[in-house]
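Accompanying notes for the structure given below.
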């Protein structure tokens with residue numbers, strides 16, 4: 001398979017699909033809409049998981065595990081919730097196969113039909129709140145701060161690797177609180193964690209905001225979100241944190257005895273990020289040569305490639321490289337020494353470029369003589385020769401620089417792609433030429449929101465949390481408005 | 001809920017069920033056969049995962065993720081495999097619900113029937129080997145050493161928390177090799193990893209052996225296993241590693257070009273351990289007061305409980321305890337300081353005994369005066385007063401001792417429960433009185449194995465790997481035999 005990717009300018013979507021497969025991140029499986037996450041892609045996901053898990057635990061959350069299956073009757077208990085998920089769910093109806101009577105193989109055994117169908121969880125609010133009823137008695141049991149890492153299934157018709165798949169991996173937090181205020185604080189705390197993770201680890205700037213009613217999670221009172229901007233000018237929702245009010249507590253009758261001895265319904269939040277973040281990561285930084293990974297999430301931060309004509313040279317170079325590997329590892333830097341003789345250096349250079357390894361070191365016979373090595377940055381493609389003695393300091397410093405540079409670059413791109421408009425003509429013009437976020441006044445009605453979506457394919461990505469209040473007129477209807485919202489075409 | 005458990009002697013099975021729930025490890029959910037793993041139980045599972053994952057990675061394995069669903073036709077491709085799993089699998093037949101016409105809620109939408117049914121994975125050989133066909137071209141792509149952490153579903157009719165549940169969590173390794181020899185070496189390497197993990201982390205002695213043909217994994221040529229012995233004299237299969245020969249490579253047409261340029265089928269292994277290990281851990285060490293955890297897997301290794309009559313005393317004691325907590329944590333010891341005033345010290349003592357925390361430290365006003373503290377071991381229930389100055393050394397040393405003591409105790413129990421018998425009368429007598437492993441000659445036929453199972457409920461747990469060859473006569477038929485095998489009643 002050729003390593004050459006379609007150029008982003010030519011066909012961004014094709015570039016993305018090729019990159020995901022060629023960089024060994026993921027591929028489609030034989031099961032419609034379900035992906036295989038390949039080892040290299042999974043290693044990045046593991047780094048994301050480890051960091052998020054740490055952040056959740058540092059803020060008092062614990063992990064647990066709830067069933068994959070949700071009885072149909074549970075899903076139905078919260079009216080908005082079932083409306084949101086019933087149309088795209090995998091339904092288990094039988095629990096056994098048997099040999100076909102005509103000998104043609106195995107078939108579903110009609111006698112093994114379930115009394116009640118089971119839904120493969122699209123999200124776990126219902127099964128979890130059914131459990132919380134047993135766990136929560138009094139205010140002493142609150143807050144209950146639980147997270148689960150799991151697979152979920154939503155039967156999407158049009159799927160794309162990482163961005164929209166029938167099965168995906170995610171974490172889902174589900175918390176229970178004694179007061180409305182505490183639940184809202186929790187939803188906001190998690191939004192901050194998601195924002196910090198996106199910006200400090202993924203090097204992806206995000207806008208924090210609230211969703212409009214029509215974009216809210218099915219069953220939520222308020223949905224907070226972080227929104228990123230991809231290189232093609234389309235927005236991507238990277239994480240959501242929901243204030244659920246007492247909706248699920250009421251649907252599943254979860255009450256607690258307050259300090260004052262009163263029985264009250266519990267307040268709830270839920271929140272999640274998924275393997276979709278992999279798509280966001282790819283589309284924030286990568287280029288026509290392949291993946292570009294921020295050092296904080298790169299499974300391999302430094303690759304070292306020997307350049308040699310014969311075994312004798314390789315031995316001498318390897319000895320020096322092994323020393324460097326050891327020194328770098330002692331600083332917790334993840335290093336790969338690729339000493340395979342089955343592949344040429346040029347092939348390896350292209351391979352690690354494609355895979356987004358932040359730093360590449362090459363060492364040849366002349367370097368050995370001179371005490372130097374060549375080091376190349378994946379983000380800027382700059383190469384330079386440095387002294388072997390300085391390698392550890394240089395690598396440490398440069399990894400930090402790359403992390404910052406990727407963020408700054410993405411931040412500047414994002415900032416230059418938030419355009420305030422006053423008229424619907426401007427709105428359409430910006431959307432169809434430059435893309436990005438269009439900041440516009442909106443009259444606050446779902447009708448206008450729908451109409452704009454119908455006319456332009458843009459949706460309201462969020463009402464930014466730090467919005468300033470200003471007088472204005474709705475970009476479509478001209479009605480009064482007090483703040484701008486961010487529109488964009490989105491993944 | 002009372003903390004008192006049924007005594008093991010009275011009803012071992014009831015003791016187990018109560019302990020799992022009361023120690024906050026797991027509980028049954030509203031979904032038949034599916035459990036909820038509670039935060040405390042999940043924290044132990046996370047420690048198991050982290051250690052196993054480290055051991056897999058150190059031996060060159062990488063993690064990946066494959067789809068939850070397996071098309072029915074895939075499952076059918078390997079004849080023995082489908083025979084083994086078809087009778088107990090969850091089948092997805094539809095992908096949508098809709099509102100019932102009579103307004104009675106949501107029902108399965110008959111128009112959303114899948115063309116081909118999907119099986120919720122009971123194990124992933126078929127979907128993985130379908131993928132490996134695309135990944136393996138030449139000997140350069142081998143070995144392929146992949147593991148996945150996942151949930152699987154087997155529709156068991158009689159379920160028990162951790163030991164046998166419809167859904168469970170596990171890891172499944174799937175490797176591909178160029179030669180038969182390498183594949184067998186891999187299966188044996190993994191068996192060693194499982195054995196080391198069981199003995200060094202779970203403090204559970206295990207016997208390594210081979211399964212007989214009738215106990216083999218469906219589709220395997222050879223199944224290696226580790227078998228533990230529970231306190232009630234029943235054996236428990238704690239992990240299996242399968243040499244699959246070329247069965248799956250042939251079923252899914254996975255061939256590679258050898259160094260010599262020949263096309264050959266790939267050799268395979270698969271291997272797994274599951275949340276069943278939690279059951280094994282509980283039944284190896286725990287007692288009538290509750291859980292007993294080996295320090296290497298305990299989420300909380302040391303709990304510290306202040307004893308005080310008023311706030312002033314609590315403040316003074318807390319100041320000292322906070323110092324100790326800090327010192328212990330700097331040595332990577334996991335400590336909990338339970339300073340809740342909502343619960344009395346006596347309640348806390350019982351609580352952490354029930355939860356198996358290896359060491360409990362109590363500190364009261366007199367300790368504060370004298371510079372002492374009281375420290376209690378969960379394994380021996382011994383208490384002693386030590387000087388505060390020695391606490392870090394004492395804790396470090398004692399945690400090691402507890403780990404060793406638990407292993408030794410379980411080892412001695414196991415060793416005294418491997419009984420060689422020569423006659424079938426002895427066989428039955430030992431099995432029905434003492435329990436444990438009965439070491440007996442067997443004529444090597446499935447008929448005899450079945451007959452013995454029918455007569456005694458004992459199965460051949462394994463043919464130990466380190467077996468000595470000796471002349472003997474089958475305990476049932478009197479036919480010639482060259483080695484003993486281990487029989488036991490089993491979980």
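Bear in mind these aren't lab numbers, they're just calculated from the coordinates by the rules spelled out. Predicted, not measured: the structure shown is a model, and the values here were computed from it. Here the Cβ positions follow ideal geometry from the backbone for every residue, glycine too, while neighbour counts run over all protein chains shown.
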Counting only other chains, what is the mean number of Cβ atoms within 10 angstrom of the Cβ of each residue in peptide A:66-78? 5
Once you have a ≥ b ≥ c as the square roots of the Cα gyration tensor eigenvalues for the protein assembly as shown, tell me rounded if a/c is under 1.5, and otherwise prolate or oblate according to whether a/b is larger than b/c. rounded
The distance between the Cα centres of region A:1-79 and region B:473-491, in whole Å, is 50
Antiparallel DSSP beta bridges within chain A, percent to nearest 5: 85
Going 7 Å from Cα along the Cα-Cβ axis for the label, what nanometre distances separate residue A:480 from the same residue across the other copies? 10.4
Using Cβ counts within 10 Å as a stand-in for footprinting exposure, how do B:352, B:16 rank, fewest first? B:352, B:16
Percent antiparallel among DSSP beta bridges confined to region B:302-399, rounded to 5, stands at 55
Would you work out the relative contact order for region A:12-285, in percent, from Cα pairs under 8 angstrom that are 6 or more residues apart? 19
To the nearest 10 degrees, how steeply does helix A:180-200 sit against the main Cα axis of chain A, on a 0 to 90 scale? 20
Show me A:464-470, A:47-53, B:128-134 ranked by packing, highest mean number of other Cβ atoms within 10 Å first. B:128-134, A:47-53, A:464-470
Given the rule -39500 (n - 2.57) for each run of at least 4 DSSP H residues, summed and divided by the residues of the protein assembly as shown, what is its mean residue ellipticity at 222 nm, to the nearest 500 deg cm²/dmol? -10500 deg cm²/dmol
Other copies of residue A:157: label-to-label distances in nm, shortest first, labels 7 Å along the beta-carbon direction: 4.2
Of the beta bridges DSSP finds with both residues in region B:12-285, what % are antiparallel, to the nearest 5? 95
Using the alpha-carbon centroid of each, what span in Å lies between region A:374-402 and region B:88-115? 58
Count, for each residue of B:33-46, the Cβ atoms from other chains sitting within 10 Å of its Cβ, then give me the mean as a whole number. 5
Quick shape check on chain B: root eigenvalues a ≥ b ≥ c of the Cα gyration tensor, a/c under 1.5 is rounded, otherwise prolate if a/b tops b/c, else oblate, and it reads prolate
Kindly identify region A:12-285 as rounded, prolate or oblate by the Cα gyration tensor criterion: order the square roots of the eigenvalues as a ≥ b ≥ c, call it rounded if a/c is under 1.5, otherwise compare a/b with b/c, prolate if a/b is larger, else oblate. oblate
Taking B:334, B:73, A:241 and counting other beta carbon atoms within 10 angstrom, the fewest-first order is B:73, B:334, A:241
Relative contact order [Cα under 8 Å, 6+ residues apart], region A:82-212, whole percent: 18
7 Å along Cα→Cβ, label-point gaps from residue B:405 to other copies, nm, shortest first: 5.8
On average, how many beta carbons from a partner chain sit within 10 Å of the beta carbon of a residue in B:212-223? 0
How big is the gap, in Å, between the Cα center of region B:405-451 and the Cα center of region B:194-267? 23
Rg in Å to one decimal, and Dmax rounded to a whole Å, for region B:297-445 via C-alpha atoms: 22.1, 75
Going by average Cβ neighbours within 10 Å, how do the peptides B:412-422, A:23-33 rank, with the highest at the top? A:23-33, B:412-422
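Going by average Cβ neighbours within 10 Å, how do the peptides B:251-260, A:437-446, B:218-227 rank, with the highest at the top?
B:218-227, A:437-446, B:251-260
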